[in-house]
Amino acid sequence: MKTEIKTFGLMLLFGSLAGTSPSNAGGIQYEHLADKSQFNVGAGGHLEVQGPYQRLRGDRGAFMVDTVTGATLATLNAPPSPDLLPEPLTQDPDEHSGIVREYLIRAGVPAAEVSGTHVTTTMKGGGSTQSAAMSSPSKLLWYTTHLERSIQGIPVEGSFAFAAFDSNGEVITEGVYWPAIPDSVVDEAVQLKQRLDSPSEKAAFLRSVEAARADAKDAAGEVKIVHTSAGHHGQFEVKAVYSTVVKSRTGGKASLVRFDSEAKGVAMADEKATGVDSPRKEK
Amino acid sequence: MELLRRGTRGLIAAALCLCPLSAWADAETGITIEAVDAYSCGALSNNIANVDNFRSRMLSIGGYNAGVRYTNGLVWPTDFTDVDVASDGGDTWNFDRPGDAIAYFSGHGTCDDQTNTVCFSTAECPDIAGTDKRCLLDHYIWWFPEGRCVYSRPRSIVVDRTGTSCQSVNYSTDAVRWGEDPGSGDWAGAALNGGVNLAVIDNSCGITPDLYVPETLNAFAGVSTIALIMPTRVGDDTADVANRGRALADRYVANPWSAVGPSWTDAINSVTGGGNCFFGGGGHGIDGCGAHIALSVEVNEARAEWANGTENWIQLRDDGNDSIGWGWMAWIYTCNYDCNTYPFILW
């Protein structure tokens, strides 16, 4: 896989993927390109093209655009020493979320589709392996704030827009995948939600759900719009679904179980096996 | 005695090798994937797609190569146990092959570390012989935190070779040793016939909060980092999603010079699906509250911190960067909620 390295025309190439697309879609597409980003790649920034990925890379980090999906992801280079890991901007997650929300909306994430925020929390620690169990507290490294996407009150699963800031106000990491959602899918989701607001309609729907998958009937569920994930290079797929999380009866992984408006099971295109098994050895 | 032997050997090795980047190293580039959906103890649907998505994304740029791929009935319990420690062990041909850098398992685990015993501090949890205990925050009554007792029961990979009966592989105390090769030296009688530098265990209840040493030290035999999913509230668990592996691979594709351990924890930010966490947030491939955690073990703190927070995707392929002994464990994790404001252990 050959890597091309270019040092000129960065904005042209990065700018060739449009920012917010004017669209008749129910959900507006936003592509978070390098010129909208505060992520600092550091000195020696240059463009690398590797297959479908464009990467602006410097001595601090890299900002990558997946040219197939338009998803972006910026990450730091590994620090030369563990002592140089980022320090948190704040111990207050609300303060961090306010800053990230303002930053990403100013960059172009459609404010009308941002229905809330939440944080993820990165912490680190360590201790001697002589002790049977750890007892040292872990230390906050940084918060990452996510913008939650909803369209006409329907949550969208698969989209994300997140960023983390350090104590110097520099971006530690950020990622955006905010594809267009067709009107028809939004309409379908709204109609399904309205239908399930009726107790009798919902009871009838859940009977069909039970017939399709018995353990999903009693799981809490909600209507969502779900689309294929940021790294999926096949055809983009987006659906209106009734979505549930079914806990394992035997203590294993919980299953995400989705149904269409007729209570038929739904699997997305990127939830299919694509590989081929290797020949087995004796053991 | 075994711990002492390994510690002594590790100290000697550390003295000989002050720099984690060694010149003698051979490249380890293989990526092996194993996944099960066809369980007789509760079928799943996204594990095979999850590992396929991981590997295809990793191989979409240069640097790594395909190892082996086994799914469903081709995933055997002996794939994970050491060929020199267990008479029927077969990891050298499967999950811990010489020449492989990464092995990724996706499937069921067990959550027998969790109980519904109410506690307000760890000391209040009843002792269970042979285990360590913690009181895990569950909820607040007004402003008083109430928890549930959890224990360091051995953690398991669950497979189903026959399709009729699930089998567990206990990586906490059984004959599991990953990563031993010329770069790491012979660990715990495991010889030099392993290889992996990053083992990803994408299962249920992969590790219990704060009980990292008793639950994982056994498996470290040269592997730089073991990556797991850690539910942080009783009743919550890993969700069966197809995009977790690819979210990890995205970090490599985006920046091969990024650190591997933080890449795993940060991957939670790109994983979608799951259920809400009681303390806010949630989802990101977890049903409830939980975290991606990366653990590294080395002979001393400096080396463990390097492996956990600094080793990048290019250095991961270098046999010379293998862990060389027990001594210090470093960890980094990213919770899908604010686990700084809501610490998960009640002391």
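Quick notes on this structure:
- Positions within segment A:252-270 being of a type in the set (Gly, Ala, Ser) and either surrounded by fewer than 16 Cβ atoms within 10 Å (Cβ to Cβ) or part of a loop (DSSP other than H, G, I, E, B) (or both), in sequence order: A:GLY252, A:SER261, A:ALA263, A:GLY265, A:ALA267, A:ALA269
- Those residues of segment A:161-182 which are open to solvent by 10 Å² or more (accessible area, probe 1.4 Å) and within 9 Å of chain B (Cβ to nearest Cβ), in sequence order: A:TYR177
- Residue count for segment B:202-241 under the criterion of being closer than 30 Å to A:VAL266 by Cβ, more than 10 Å from chain A (Cβ to nearest Cβ) and of a type in the set (A, V, I, L, M): the result is 3.
- Condition met for B:ILE48 (open to solvent by less than 20 Å² (accessible area, probe 1.4 Å), at the interface with chain A (Cβ under 8 Å from one of its Cβ atoms) and in a loop (DSSP other than H, G, I, E, B)): no
- Residue in segment B:291-306 that is aliphatic (A, V, I, L, M), touching an Asp or Glu at 6+ places or on another chain (Cβ under 7 Å) and farther than 21 Å from A:GLY231 by Cα present: yes
- If you go through segment A:192-213 and keep only what is open to solvent by 60 Å² or more (accessible area, probe 1.4 Å), closer than 16 Å to A:ILE154 by Cβ and touching a strand residue (DSSP E or B) at 6+ places or on another chain (Cβ under 8 Å), you end up with just A:LYS193.
- B:TRP93 vs. criteria free of Cβ contacts under 8 Å to residues at least 60 places away in the same chain, facing chain A (nearest Cβ under 10 Å) and either over 30 Å from A:VAL65 (Cβ atoms) or in contact with a His (Cβ under 7 Å, 6 or more places away or on another chain) (or both): yes
- Considering segment A:235-251, and only residues there that are open to solvent by less than 10 Å² (accessible area, probe 1.4 Å) and touching a Gly at 6+ places or on another chain (Cβ under 8 Å), the residue that is nearest to the other protein chains (Cβ to nearest Cβ) turns out to be A:THR244.
- Number of the exception - A:MET64 against (1) touching an Asp or Glu at 6+ places or on another chain (Cβ under 7 Å); (2) open to solvent by less than 10 Å² (accessible area, probe 1.4 Å); (3) within 12 Å of another protein chain (Cβ to nearest Cβ): (1)
- Which listed residue, of A:ALA230, A:ALA273, is hydrophobic (A, V, I, L, M, F, W, C), part of a loop (DSSP other than H, G, I, E, B), in contact with a strand residue (DSSP E or B) (Cβ under 6 Å, 6 or more places away or on another chain) and surrounded by 20 or more Cβ atoms within 10 Å (Cβ to Cβ): A:ALA230
- Positions within segment B:57-75 being at the interface with chain A (Cβ under 9 Å from one of its Cβ atoms), surrounded by fewer than 22 Cβ atoms within 10 Å (Cβ to Cβ) and under 20 Å from B:THR164 (Cα atoms), in sequence order: B:ASN72, B:LEU74
- Looking across segment B:114-130, the residues that are within 13 Å of chain A (Cβ to nearest Cβ), over 30 Å from B:GLY73 (Cα atoms) and buried (at least 18 other Cβ atoms within 10 Å of the Cβ) come down to B:THR115, B:THR122, B:CYS125.
- Boolean, B:ASP181 is crowded, with 24+ Cβ neighbours inside 10 Å, among the charged types (D, E, K, R) and at pLDDT below 95: yes
- Strands (runs of 3 or more DSSP E) contained entirely in segment B:83-197, each with at least 2 residues that are not polar (S, T, N, Q): B:100-106, B:114-119, B:133-141, B:144-151, B:156-159
- Criterion applied to B:ASP174, B:ASP160 was being under 24 Å from B:ASP322 (Cα atoms) and among the acidic types (Asp, Glu), and the one residue passing it is B:ASP174.
- Single residue of segment B:265-282 satisfying the filter (open to solvent by less than 10 Å² (accessible area, probe 1.4 Å) and under 27 Å from A:LEU47 (Cβ atoms)) that is farthest from the chain's Cα centre (by Cα): B:ASN269
- Positions within segment B:94-113 being closer than 18 Å to A:GLY275 by Cβ and open to solvent by 10 Å² or more (accessible area, probe 1.4 Å), in sequence order: B:ARG97
- Test set (1) at the interface with another protein chain (Cβ under 9 Å from one of its Cβ atoms); (2) free of Cβ contacts under 8 Å to residues at least 12 places away in the same chain - B:SER87 fails condition number: (1)
- If you filter segment A:252-276 down to residues that are charged (D, E, K, R) and in contact with a Ser or Thr (Cβ under 6 Å, 6 or more places away or on another chain), you find that the one that is farthest from the other protein chains (Cβ to nearest Cβ) is A:ARG258.
- Any chance A:LYS193 is away from chain B (no Cβ under 13 Å) and assigned to a helix (DSSP H, G or I): yes
- In segment B:33-45, residue surrounded by the most Cβ atoms within 10 Å (Cβ to Cβ) [restricted to those that are in contact with a Ser or Thr (Cβ under 6 Å, 6 or more places away or on another chain) and of a type outside the set (S, T, N, Q)]: B:ALA35
- Checked against the criterion of being modelled with pLDDT of 95 or more and not in a helix (DSSP H, G or I), segment A:199-211 has no qualifying residue.
The values are calculated or read from the model by the stated rules, or taken from the named source; none is laboratory data. All of these numbers come straight from a predicted model, not from anything done at the bench. Methodologically, a virtual Cβ is constructed for each residue, glycine included, from the backbone with ideal geometry; neighbour enumeration extends over all protein chains shown. For the accessible areas, the whole protein counts, side chains as well, though only heavy atoms, and no ligand, DNA or RNA atoms are used. Shrake-Rupley method; radii C 1.70, N 1.55, O 1.52, S 1.80 Å.
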